[in-house]
Amino acid sequence: MSESEKAARLSVFKTYKLFVGGKFPRSESGRVYEVTDSKGRWLANAPQSSRKDARDAVVAARKAFAGWSGATAYNRGQILYRVAEMLEGRRDQFVREVGDAEGLSKSKAGAVVDAAIDRWVWYAGWTDKIAQIVGGANPVAGPYFNLSSPEPTGVVAILAPQESSFLGLVSVVAPVIATGNTAVVVTSEASPLPALSLGEVLATSDLPGGVVNLLSGRTAEIATPLAAHQDVNAIDLAGAEEVLAKELEIAAADNLKRVRRPQPVDWAADPGTERLTSFLETKTVWHPAGGSGSSGAAY
Amino acid sequence: MPLTVPAHGPEAAARLASMSDVTASDGSLRRFLHGLPGVDAVGLEGRAATLGTRSIKTTAKAYAIDLAISMIDLTTLEGADTPGKVRALCAKGVHPDPLDRSTPKVAAICVYPDMVKVAKESLGDSGVKVASVATAFPAGRAALPVKLADVADAVAAGADEVDMVIDRGAFLAGHYLKVYDEIRAVKEACRRPDSTSAHLKVIFETGELSTYDNIRRASWLGMLAGADFIKTSTGKVAVNATPPNTLILLEAVRDFRETVGVQVGVKPAGGIRTTKDAIKFLVLVNETVGEDWLSNDWFRFGASSLLNDLLMQRQKLSTGRYSGPDYVTVD
């Protein structure tokens, strides 16, 4: 190809789309908004989701819940590890997008992406171990086996962190789905591109459609109907500023959603198991044990 | 003499008799049905699709939702139906949303003939009617005496309405008079000892009639034979009620009223699951036959899961919060 032919080639821009129910729809409203890099230069147009997109995402997440929460923890771990493999394969793309979004040099952005992939692997390992940490046999004063086991809360709405567009996102999404919840994620408002690209990774990683749904747009506009939604079981307010967080917490009270308030987090630090346990419910069963009267039969 | 009489009224028979030359023989009936104008399939589907794009919002939507709820024939037609399930469905039909007593009740509960008694007892004087499918539903493949006994059974048990299936085999083979006579016989079997009658809905199973022209012919055949309602489908085959085939039925009842002066109801059934779908059908009714048909005396939905979606939408409109399946019954 000669120099002049190279120059004549038209650039192919990527159309960023939402990720809902395993598909890549545009916003139902047809709106988009301009996304710029940290210096204000235009990068792409991202879909600006409406409340109806939020509603559709919740329907998709609810539909996926039975299958995902019913999958074995081992299987979930395998699938999440597969996600990490796919992330690794697209490392260059994420380095570029994270660098643009957060104004980082190539090496710093590379470190952030590596940390995010490592975190994903770390959470993938937790899927079949969390039950041993937060569940187990309880000693009770009676002839019973008393066993507690963690169960996923259900459909979790997540407001992803606004500043850390990729490492922060992975740090809030991975623990939620690792334990069997399904998620509706509102991406960082100013830097949604790494999140929307993550959708393309999830779509090619054996993750069932609807387990993670990604919505870009104005955080307040999408989060308000999610917080009030009767079919959402929990909400993580990581990306909500103070006034909005308060409003959302009030809206979330109506159906007794589990709410995780925003708090300052160093996303680069070791996260611990706290986010894994935030969206778990404890199921306890009592089982008769020991001698059953005159028959003398042991359990 | 009033311009239009209802199909279930006493004057309808005389009006239908004015068409007796058409129904005199198989030949004349065939000539008439095949003389009906052909259906423009592209135009029909285009019109149904266009009417489906109407935006119905806020107060109009609230009205449409309540109207749709009041038009539902809440249906359970499973081999596994138990008396308990039928009773639960009846309770739901009378108070679809127990938390909001302003919710209208459904039009009828639709069951198999052997469950009519249970439904009748649990509905009492609530005003919700009992509809029973009959005539060897859903295939209709039984001898006429068996079908008639099926109908008589349902009527004796107290059914207010009978949903019969036509003999699609005979229809497709061109034996129109046989189908006509069968509908007449079933209509006769709907008569109660006190000379009132259970209303007769005639199911064409449009998904098995192959062409739009056949659906139009079946509609006229059913109405000529005295149907009080014409109904698209049983809900037991792959293709059930669709906007285009319901539009043909609506055009048929409109034209039938124009020519014969008898008003017949329409019931799409099967496959209508969302509020959005239901509202599309209501738009079709309003735009094709007008307000005269916008009540549960003249238009019904044969549905089961539709009601839950309507209730969730109704809750959304009244509270501003999206509702979820946890807030409606599982049935």
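Residues of the stretch B:90-111 that are closer than 25 Å to residue B:200 by Cβ and touching a Leu at 6+ places or on another chain (Cβ under 6 Å): B:90, B:93, B:106, B:109. Here B:170, B:149, B:131, B:143 are screened, and the one residue that is buried (at least 22 other Cβ atoms within 10 Å of the Cβ) and either modelled with pLDDT of 95 or more or of a type in the set (Ser, Thr, Tyr) (or both) is B:131.
Rundown of residues vs (1) without any contact (Cβ under 8 Å) to a residue 40 or more places away in the chain; (2) surrounded by 12 or more Cβ atoms within 10 Å (Cβ to Cβ), yes/no style:
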| residue | (1), (2) |
| --- | --- |
| B:46 | yes, yes |
| B:49 | no, yes |
| B:55 | yes, no |
| B:82 | yes, yes |
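Can you tell me which residue within the stretch A:50-62, out of those that are more than 10 Å from every other protein chain (Cβ to nearest Cβ) and surrounded by fewer than 24 Cβ atoms within 10 Å (Cβ to Cβ), is nearest to residue A:217 (Cα to Cα)? The qualifying residue nearest to residue A:217 (Cα to Cα) is A:50.
Give A:110, A:199 a once-over and let me know the one that is assigned to a helix (DSSP H, G or I), crowded, with 16+ Cβ neighbours inside 10 Å and out of contact with any helix residue (DSSP H, G or I) (no Cβ under 9 Å at 6 or more places or on another chain). Result: A:199 is the single residue among A:110, A:199 that is assigned to a helix (DSSP H, G or I), crowded, with 16+ Cβ neighbours inside 10 Å and out of contact with any helix residue (DSSP H, G or I) (no Cβ under 9 Å at 6 or more places or on another chain). Selection within the stretch A:210-227: residues that are buried (at least 24 other Cβ atoms within 10 Å of the Cβ) and within 14 Å of chain B (Cβ to nearest Cβ). The member of this set that is nearest to residue A:68 (Cα to Cα) is A:226.
For the stretch B:302-328, the set of residues classified as touching a helix residue (DSSP H, G or I) at 6+ places or on another chain (Cβ under 6 Å) and not in a helix (DSSP H, G or I) consists of B:321, B:322, B:323, B:328, listed by residue number.
Scoring residue A:255 on the criteria (1) within 14 Å of chain B (Cβ to nearest Cβ); (2) not in a loop (DSSP other than H, G, I, E, B) leaves a single failure, condition (2).
Evaluation of residue A:82 against the conditions (1) in contact with an Asp or Glu (Cβ under 7 Å, 6 or more places away or on another chain); (2) surrounded by fewer than 15 Cβ atoms within 10 Å (Cβ to Cβ) shows that the sole unmet condition is (2). Just one of the listed residues (B:314, B:257) is of a type in the set (D, E, K, R) and within 14 Å of chain A (Cβ to nearest Cβ), and it is B:314. Every test in (1) in contact with a strand residue (DSSP E or B) (Cβ under 8 Å, 6 or more places away or on another chain); (2) surrounded by fewer than 13 Cβ atoms within 10 Å (Cβ to Cβ); (3) of a type in the set (Lys, Arg) is passed by residue B:92 save one, and that test is (2). Looking at A:164, A:171, A:188, just one residue is surrounded by 22 or more Cβ atoms within 10 Å (Cβ to Cβ), touching a Ser or Thr at 6+ places or on another chain (Cβ under 7 Å), away from chain B (no Cβ under 14 Å) and over 24 Å from residue B:324 (Cβ atoms), and that residue is A:188. Screening the candidates B:185, B:189 for the property of being in contact with a helix residue (DSSP H, G or I) (Cβ under 9 Å, 6 or more places away or on another chain) and either of a type in the set (Asp, Glu) or surrounded by 21 or more Cβ atoms within 10 Å (Cβ to Cβ) (or both) yields one hit, B:189.
Would you point out which residue out of A:266, A:236, A:270, A:206 is away from chain B (no Cβ under 14 Å) and under 19 Å from residue A:101 (Cβ atoms)? It is A:266.
The lone criterion from (1) surrounded by fewer than 16 Cβ atoms within 10 Å (Cβ to Cβ); (2) of a type in the set (A, V, I, L, M); (3) more than 14 Å from every other protein chain (Cβ to nearest Cβ) left unmet by residue B:330 is number (3).
Condition check ((1) within 20 Å of residue A:206 (Cα to Cα); (2) crowded, with 20+ Cβ neighbours inside 10 Å; (3) aromatic (Phe, Trp, Tyr)) across all residues:
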site: A:12; (1), (2), (3): no, no, no
site: A:19; (1), (2), (3): yes, yes, yes
site: A:22; (1), (2), (3): yes, no, no
site: A:42; (1), (2), (3): no, no, yes
site: A:48; (1), (2), (3): no, yes, no
site: A:76; (1), (2), (3): yes, yes, no
site: A:89; (1), (2), (3): yes, no, no
site: A:96; (1), (2), (3): no, no, no
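Quick one: is residue A:245 away from chain B (no Cβ under 14 Å), outside any helix (DSSP H, G or I) and crowded, with 17+ Cβ neighbours inside 10 Å? Judged against the criteria, residue A:245 is not a match.
Per the conditions (1) closer than 16 Å to residue B:301 by Cβ; (2) in contact with a Cys (Cβ under 9 Å, 6 or more places away or on another chain); (3) in a loop (DSSP other than H, G, I, E, B); (4) not hydrophobic (A, V, I, L, M, F, W, C), the sole criterion not satisfied by residue B:126 is (1). Restricting B:210, B:195 to those that are free of Cβ contacts under 8 Å to residues at least 12 places away in the same chain, surrounded by fewer than 23 Cβ atoms within 10 Å (Cβ to Cβ) and not in a strand (DSSP E or B) reduces the list to B:195. Here B:248, B:215, B:230 are screened, and the one residue that is away from chain A (no Cβ under 14 Å), farther than 30 Å from residue A:52 by Cα, part of a strand (DSSP E or B) and within 18 Å of the chain's Cα centre (by Cα) is B:230. Working only within the stretch B:155-182, note down all residues that are closer than 30 Å to residue B:125 by Cα and touching a residue at least 12 places away in the same chain (Cβ under 8 Å). If the condition is that a residue be closer than 30 Å to residue B:125 by Cα and touching a residue at least 12 places away in the same chain (Cβ under 8 Å), then B:155, B:157, B:158, B:159, B:160, B:161, B:162, B:163, B:164, B:165 are the ones that fit. Scanning the stretch A:153-196 for residues that are within 14 Å of residue A:98 (Cα to Cα) and in a helix (DSSP H, G or I) returns A:167, A:168, A:169, A:170, A:193, A:194, A:195, A:196. If the condition is being of a type in the set (A, V, I, L, M, F, W, C), surrounded by 12 or more Cβ atoms within 10 Å (Cβ to Cβ), modelled with pLDDT under 95 and not in a loop (DSSP other than H, G, I, E, B), then the stretch B:15-30 contributes only B:16. Residue check: residue B:276 meets all listed conditions (1) more than 21 Å from the chain's Cα centre (by Cα); (2) within 13 Å of chain A (Cβ to nearest Cβ) but one, namely (1).
The values are calculated or read from the model by the stated rules, or taken from the named source; none is laboratory data. Only a predicted model underlies this, so the values are computations on that prediction, with no experimental measurement involved. Quick reminder, even Gly has a Cβ in these numbers, built from the backbone with ideal geometry, and neighbours come from all protein chains shown.
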